[in-house]
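A.B. asks: Can you read through this structure? Questions will come right after.
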Amino acid sequence: MIHITLSDGSLREFDQPLSVYELAASIGPGLAKAAVAGRVDGVLVDCEFILAADARVSIVTPQEPDGLEILRRSCALVLAMAVKQLYPKAHLQTGSVLGDGFFHEFEFERHLNLVDLAAIEARMRTLAATNHSIRRRAMSAEQSSSYHLGDFECVSTGPHVPATRVLQAFALDHISGTSPQRIYGTCWSCQEELDNWRAPPHVMIVSMDDRQAEYAQSVTEALRRSGVRARADLRNEKVRHKIREHSQQVPYLVVIGEKEKEGGFVSVRSRTGEDFGRMAVDAVCNWLRSIGIASV
């Protein structure tokens, strides 16, 4: 007999091994439809993971941060498949979750542009609508493995969503670099969240390079919790280029480099070039609230 303790503390007994998805289905069809992964004794696993021994298990959905990250990770996988279908000679590089979205790097025979980006996004939507299953090749406890998406295979860090049907609210928004080129996109659990993300931000958080990505995203989340429409530009672009681009539209810029990350503060400036100096994140939230930017 296998004893499964659920997140609410209730206990379920099964007389044979079952998958995380089957556990979700035994709880309710709505949960099974929403499930993107499981958390088994604190470890994230794919929905096809087999529960063969007593464990504490929770079902992960896109409504929680881990679930949303899994959506974005799977979007990077679908992006890779779309690119290989459209550009068979493209060489896959690295792909990952980044901030509010995901990215993947490729080496192409020619430099891609925004028209190409629209075609790639359209192919991604076709793949999502086809509802391809995503299956892990090696069923083990390791987190890095080979995943199959239809007839496409790619080495990727899991877990991934069980099928592409849950990937509906995504968009590609940038392409940068020459060789390799990096394609960036965003992904959310529903269209409403994507539309909210697209609303003009009050504050743009700009990182110097990839090393500050995690801290920059944590600053972004802190500003959002205070009621500020904030977005982070984590592209691997020169910071001057990003500042110049966003200064045309965004009222305030928060710049983060290594000194800011190590010190736990940020540098703030206005779109007109006024420098407000370095501030703690809480101080920025309070200041924006005092000038009527924050809604809460």
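The values are calculated or read from the model by the stated rules, or taken from the named source; none is laboratory data. Since the model is a prediction, treat every value here as computed from it, not as a measurement. Because the Cβ atoms are built from the backbone with ideal geometry, glycine has one as well, and the counts that use them run over all protein chains shown.
A.B. asks: Just need a number here: residues in region 40-59 that are without any contact (Cβ under 8 Å) to a residue 60 or more places away in the chain and of a type in the set (A, V, I, L, M).
C.D. replies: The total comes to 7.
A.B. asks: Is it true that some residue in region 45-53 is surrounded by 18 or more Cβ atoms within 10 Å (Cβ to Cβ) and part of a helix (DSSP H, G or I)?
C.D. replies: No.
For every residue, the table says whether it meets (1) farther than 25 Å from Asn131 by Cβ; (2) of a type in the set (Ser, Thr, Tyr); (3) not assigned by TED's automatic domain parsing to the domain that holds Ala129.
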position	(1), (2), (3)
Phe170	no, no, no
Ser176	yes, yes, no
Arg182	yes, no, no
Ile205	yes, no, yes
Glu221	yes, no, yes
Arg224	yes, no, yes
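Here's the yes/no breakdown for (1) of a type outside the set (A, V, I, L, M, F, W, C); (2) touching a Pro at 6+ places or on another chain (Cβ under 6 Å); (3) more than 12 Å from Met204 (Cα to Cα):
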| residue | (1), (2), (3) |
| --- | --- |
| Asp233 | yes, no, no |
| Pro251 | yes, no, no |
| Val254 | no, no, no |
| Ser267 | yes, no, no |
| Ser270 | yes, no, no |
| Glu274 | yes, no, yes |
| Arg278 | yes, no, yes |
| Val281 | no, no, yes |
| Cys285 | no, no, yes |
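A.B. asks: Looking at (1) exposed (fewer than 14 other Cβ atoms within 10 Å of the Cβ); (2) modelled with pLDDT under 95, find the lone condition where Ala90 falls short.
C.D. replies: Ala90 satisfies all of (1) exposed (fewer than 14 other Cβ atoms within 10 Å of the Cβ); (2) modelled with pLDDT under 95 except (1).
Condition check ((1) part of a loop (DSSP other than H, G, I, E, B); (2) touching a residue at least 60 places away in the same chain (Cβ under 8 Å); (3) on the phi > 0 side of the Ramachandran plot) across all residues:
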residue: Cys187; (1), (2), (3): no, yes, no
residue: Glu193; (1), (2), (3): no, no, no
residue: Pro200; (1), (2), (3): yes, no, no
residue: Val206; (1), (2), (3): no, no, no
residue: Arg211; (1), (2), (3): no, no, no
residue: Ala216; (1), (2), (3): no, yes, no
residue: Glu221; (1), (2), (3): no, no, no
residue: Arg224; (1), (2), (3): no, no, no
residue: Val228; (1), (2), (3): yes, yes, no
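A.B. asks: For region 230-244, enumerate the residues that are in contact with a strand residue (DSSP E or B) (Cβ under 8 Å, 6 or more places away or on another chain), assigned to a helix (DSSP H, G or I) and among the charged types (D, E, K, R).
C.D. replies: Selection gives Lys242 alone.
A.B. asks: Next up: Quick one: in region 245-296, which of the residues that are among the aliphatic types (A, V, I, L, M) and in a helix (DSSP H, G or I) is surrounded by the most Cβ atoms within 10 Å (Cβ to Cβ)?
C.D. replies: Among them, the one singled out is Val284.
A.B. asks: Out of (1) more than 18 Å from Ser96 (Cβ to Cβ); (2) touching a helix residue (DSSP H, G or I) at 6+ places or on another chain (Cβ under 7 Å); (3) not aromatic (Phe, Trp, Tyr); (4) not assigned by TED's automatic domain parsing to the domain that holds Arg137, what's the single condition that is false for Asp233?
C.D. replies: Exception for Asp233: condition (1).
A.B. asks: Before we move on, is Ser145 closer than 22 Å to Ile50 by Cα and without any contact (Cβ under 8 Å) to a residue 24 or more places away in the chain?
C.D. replies: Criteria met by Ser145.
A.B. asks: Gly9 versus (1) at positive phi; (2) surrounded by 15 or more Cβ atoms within 10 Å (Cβ to Cβ); (3) not acidic (Asp, Glu): which is the lone unmet condition?
C.D. replies: Only one criterion in (1) at positive phi; (2) surrounded by 15 or more Cβ atoms within 10 Å (Cβ to Cβ); (3) not acidic (Asp, Glu) is unmet by Gly9, namely (2).
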